[in-house]
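Engineer: Here it is: the structure, laid out below.
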Amino acid sequence: MRVEHEYMRGGAWAYLAAWDVHRAKVFGRCEDTTGIAPFERLVDQVMSQPPYRDACRMDHGLTDHPPMDHKLRDRLSQFHTQFQHELVPLTEACLGERLTPKLEQLLRIWEMVQIERFVPVGRGWVGRPARERTVLARAFVAKAVLGLPTTVALIERLQVDGCLRRLCGFDGRRKLPGAWLFSRAFAELAERGLVSEAHASLIKAQLGDQLIGHIARDATEIQAREKPAKLQPPVVMPPPRKRGRPHKGDVCPPPVLTRLQRQMQGMSLTAMLADLPRACDLGCKTNSKGFKSSWIGYKLHLDVADGQIPVTQVPQFAA
């Protein structure tokens with residue numbers, strides 16, 4: 001008799017261990033994931049037992065796969081302390097109401113990224129002045145943080161949420177711009193690579209002088225409310241090849257190289273990124289249960305360093 005057992009995969013456990021080289025003793029614990037908080041719980045577990053509990057100081061402590069650089073951790077701790085004790089009370093006093101946790105998260109991202117530094121200023125140009133893009137860029141970030149799927153949903157949220165409207169910078173005495181202006185501005189900011197430029201500047205400022213020892217690389221799906229782009233036929237069609245063995249003296253056309261073969265011939269990184277297709281497409285993959293799942297949209301490749309910090313990101317088509 002054959003019996004098949006059905007089970008649900010809940011992911012892998014993370015085992016953290018500490019080794020005392022003087023006493024040949026191992027301390028370990030299991031966690032749901034890795035990171036700063038599980039690492040600190042392991043340290044507390046070790047330091048709460050004798051003889052480490054009674055020691056005045058730790059003589060030597062070496063960590064493999066450190067969760068985060070100490071300088072970066074101190075800068076982030078200082079930023080969060082200043083944000084929580086200075087910026088949030090000042091903003092709430094100016095608005096006259098308390099901020100929700102989601103608006104506090106949005107305000108923290110605005111303050112850390114400073115998206116306004118990467119928005120072009122249209123003052124002094126010839127012709128009719130364009131609508132200020134700084135306010136629309138803040139709304140562009142708010143749409144992603146609040147999880148609003150469409151531009152219409154963002155406009156409806158701005159109409160009923162006066163606090164979000166004032167935080168973005170919209171004038172309460174004027175009517176909100178139309179959906180066409182939001183869509184045109186968002187398309188312009190996306191085409192300029194505003195988010196990628198802000199991310200690269202932030203990583204260079206915080207980790208520019210650090211040595212990245214460990215990188216975790218993976219890709220995730222991004223669903224989009226778009227139609228898959230139609231496949232474009234090649235510009236030059238190769239001539240049909242005759243069946244059979246070529247005659248003596250015939251010149252065979254060179255084979256069409258794949259994208260990977262072209263990259264192996266010595267393409268620069270800029271040329272490789274420019275050669276990647278960016279149009280919306282239909283993607284398909286096999287999940288952890290062995291079933292195939294498909295989606296319409298894109299695929300995002302991430303390189304994550306110690307401390308779960310994404311250092312590079314490359315979006316491309318979903319196929």
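The values are calculated or read from the model by the stated rules, or taken from the named source; none is laboratory data. Because the structure is a prediction, the values reported are computed rather than measured. With ideal geometry, Cβ positions are generated from the backbone for all residues, glycine too; neighbour counts draw on all protein chains shown. For accessibility, only protein heavy atoms count, side chains too; no ligands or nucleic acids. Shrake-Rupley method; radii C 1.70, N 1.55, O 1.52, S 1.80 Å.
Engineer: Residue-wise, which Karplus ³J(HN,Hα) couplings in Hz belong to the range 240-253, taking 6.51 cos²θ - 1.76 cosθ + 1.60, θ = phi - 60°, and x for glycine or proline?
Structural biologist: Ordered by residue, 3J(HN,Hα) equals x, 8, 6, 6, x, 7, x, 6, 5, x, 6, 9, 7, x Hz.
Engineer: Just to be sure I understand the model, the point goes 7 Å from the Cα along the line to the Cβ. What's the resulting W13 to L269 distance in nm?
Structural biologist: In this crude spin-label approximation the distance works out to 4.0 nm.
Engineer: Could you sort 302-315, 32-45 so that the peptide with the highest average Cβ count within 10 Å comes first and the rest follow in order?
Structural biologist: 302-315, 32-45
Engineer: Here's a follow-up. Considering only protein heavy atoms, what is the solvent-accessible area of E226 at a probe of 1.4 Å, reported in Å² to the nearest 10?
Structural biologist: 90
Engineer: Report the calculated FRET efficiency for R278 and Y52 (r = Cβ-Cβ distance, R0 = 35 Å), to the nearest 0.05.
Structural biologist: Taking R0 as 35 Å, the efficiency between R278 and Y52 is 0.05.
Engineer: Using a 10 Å cut-off on Cβ atoms, rank the peptides 282-289, 293-300 from the highest mean neighbour count down.
Structural biologist: 293-300, 282-289
Engineer: Could I ask something else about it? Between R184 and K102, how many nm apart are label points set 7 Å from Cα along the C-beta direction?
Structural biologist: Between R184 and K102, the label points sit 2.9 nm apart.
Engineer: Along Cα→Cβ, 7 Å out, is where each label goes; now give me the distance between the ones at D209 and K289 in nm to one decimal.
Structural biologist: Calculated label separation equals 5.1 nm.
Engineer: Work through the residues other than L167 whose Cβ is under 14 Å from its Cβ and net out their charges, Lys, Arg +1 and Asp, Glu -1.
Structural biologist: With Lys, Arg at +1 and Asp, Glu at -1, the net is +1.
Engineer: According to the square roots a ≥ b ≥ c of the eigenvalues of the Cα gyration tensor, what is the shape class of the range 169-263, taking rounded for a/c under 1.5, prolate for a/b larger than b/c otherwise, and oblate for the remainder?
Structural biologist: Taking the square roots of the gyration eigenvalues as a ≥ b ≥ c, the range 169-263 is oblate.
Engineer: Please list 3J(HN,Hα) in residue order for the range 308-316, calculated via the Karplus relation 6.51 cos²θ - 1.76 cosθ + 1.60 where θ = phi - 60°; whole Hz, with x for glycine and proline.
Structural biologist: Working through the residues one at a time gives 6, 9, x, 9, 9, 8, 9, x, 7 Hz.
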